[in-house]
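Inspection log for the structure reproduced underneath, given as structure tokens.
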Amino acid sequence: MTLDAALADRIRQTPKAELHVHIEGTLEPELIFRLAQHNKVKLPYASVEALREAYAFTDLQSFLDIYYAGASVLLTEDDFFDMTMAYVQRAVADNVRHAEIFFDPQTHTERGVPIHVVIDGISDALAQARTQYDFSSSLILCFLRHLSEEDAFATLEAALPYRDRFVGIGLDSSEQGNPPEKFARVFARARELGLHLVAHAGEEGPAQYVTDALDILKVERIDHGVRAIDDPALVERLARERVALTVCPLSNQKLKVYPDLRDHSLHRLLEAGVLVTLHSDDPAYFGGYMNANWEAAFEALPLTAADGHKLARNSFEASFLPASQKTAFLAEVDHFWQSPLPAAASTA
């Protein structure tokens with residue numbers, strides 16, 4: 001399917017929020033090698049090109065192996081600052097107005113990097129981005145589900161002195177063999193602390209993991225959730241309760257969840273009334289930032305301009321922004337979709 005040029009312009013330029021992006025997954029090979037050289041970290045790849053060639057993933061685990069190798073170059077606050085600012089600049093270019101960004105402290109603390117180095121470097125870049133680019137953002141601390149719940153508890157407690165720097169917690173890494181209930185107690189603790197709750201579920205894991213994340217972890221948003229389509233009652237529930245799914249098309253394709261995007265459940269979920277949103281996940285590894293994911297979805301699926309408007313609105317509706325900011329962004333989206341494109345945009 002060829003994407004109509006006018007619609008392509010619309011989806012590239014629409015204001016949008018990104019709710020599913022791992023900041024460590026924005027680390028481009030060029031920056032990995034620059035930081036490795038600066039920090040004297042030896043990589044198992046001879047060159048930028050060799051690293052890129054290794055991005056032929058067969059499943060989630062094959063990606064995670066390279067993901068953690070890439071993250072090993074991050075050692076100082078400046079490293080985390082540079083990585084975050086590079087992401088912001090790409091997001092701004094794609095007309096992302098607000099981002100709720102995942103970070104994985106355990107990936108770094110288990111290498112001996114203090115948690116304050118991680119949080120200070122990322123949050124300092126986001127503070128600068130607010131002033132420099134008028135870029136709205138917040139942070140979500142993710143637990144690695146292949147590690148123990150005790151480790152997650154320790155990470156949460158270590159992060160509490162920086163409670164003002166993050167708005168929620170999430171759950172990522174290997175879904176297979178690590179069901180939501182493994183983290184029931186630490187999510188209950190986070191809920192007591194007033195943190196927002198999200199979790200990866202229903203990507204490689206079954207639809208039941210989505211149900212368990214809702215009922216056991218009490219999450220407010222499901223990251224991925226594309227396997228929910230296998231359970232009609234769950235799809236009906238997601239639509240009825242307005243539970244957002246943060247869907248990442250290129251990630252799903254690259255990791256063989258949907259090898260052919262024409263088979264992706266996104267359109268069926270959207271038609272069923274589910275609050276579907278579109279995001280980039282780990283864009284340095286999966287072949288594209290926000291606009292690339294939007295374009296891939298619209299090229300592969302029978303999505304219309306009305307769907308584009310809805311997906312842009314959904315991204316802000318599903319955010320954890322205060323009501324006043326959310327309302328302002330939604331008004332901006334509506335104005336954009338109800339107005340003709342500037343003449344210059346028609347040739348973009």
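Per-structure values
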| read-out | value |
| --- | --- |
| Per-region count, the stretch 65-116, residues at pLDDT 95 or above, over 27 Å from residue 330 (Cβ atoms) and among the hydroxyl-bearing types (Ser, Thr, Tyr) | 3 |
| Residue 262 vs. criteria farther than 23 Å from residue 209 by Cα, crowded, with 17+ Cβ neighbours inside 10 Å and either more than 21 Å from the chain's Cα centre (by Cα) or not aliphatic (A, V, I, L, M) (or both) | no |
| Close pairs from the stretch 155-177: first under 16 Å from residue 187 (Cβ atoms), partner polar (S, T, N, Q) and at pLDDT 95 or above, Cβ under 6 Å, at least 6 apart | 155/106; 167/138 |
| Helices (runs of 4 or more DSSP H) lying entirely in the stretch 1-90 (those with 3 or more residues that are among the hydroxyl-bearing types (Ser, Thr, Tyr)) | 60-71 |
| Extreme residue, farthest from residue 148 (Cα to Cα), among residues of the stretch 103-121 that are out of contact with any Asp or Glu (no Cβ under 9 Å at 6 or more places or on another chain) and in a helix (DSSP H, G or I) | 119 |
| Those residues of the stretch 314-342 which are touching a helix residue (DSSP H, G or I) at 6+ places or on another chain (Cβ under 8 Å), surrounded by 21 or more Cβ atoms within 10 Å (Cβ to Cβ) and either without any contact (Cβ under 8 Å) to a residue 60 or more places away in the chain or closer than 17 Å to residue 221 by Cα (or both), in sequence order | 316, 319 |
| Residue that is under 24 Å from residue 223 (Cβ atoms), of a type in the set (A, V, I, L, M) and in a strand (DSSP E or B), where the choices are 139, 147, 126 | 139 |
| Residue that is closer than 27 Å to residue 59 by Cβ and within 17 Å of the chain's Cα centre (by Cα), where the choices are 200, 196, 146 | 200 |
| Condition met for residue 261 (within 23 Å of residue 170 (Cα to Cα) and not basic (Lys, Arg)) | no |
| Candidate set from the stretch 253-264 (those that are assigned to a loop (DSSP other than H, G, I, E, B) and of a type outside the set (Lys, Arg)); member that is farthest from residue 287 (Cα to Cα) | 264 |
| Residue list for the stretch 1-39, filter: small (Gly, Ala, Ser) and either closer than 24 Å to residue 276 by Cα or under 24 Å from the mean Cα position of the chain (by Cα) (or both) | 5, 6, 8, 17, 25 |
| Enumeration of residues in the stretch 265-306 that are under 15 Å from the mean Cα position of the chain (by Cα) and assigned to a strand (DSSP E or B) | 276, 277, 278, 281 |
| Which numbered condition residue 154 misses (of (1) part of a helix (DSSP H, G or I); (2) closer than 26 Å to residue 324 by Cα) | (2) |
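The values are calculated or read from the model by the stated rules, or taken from the named source; none is laboratory data. None of the values given here were measured: they were computed from a predicted structure. So basically every Cβ, Gly included, is an ideal-geometry build from the backbone, and we count neighbours across all protein chains shown.
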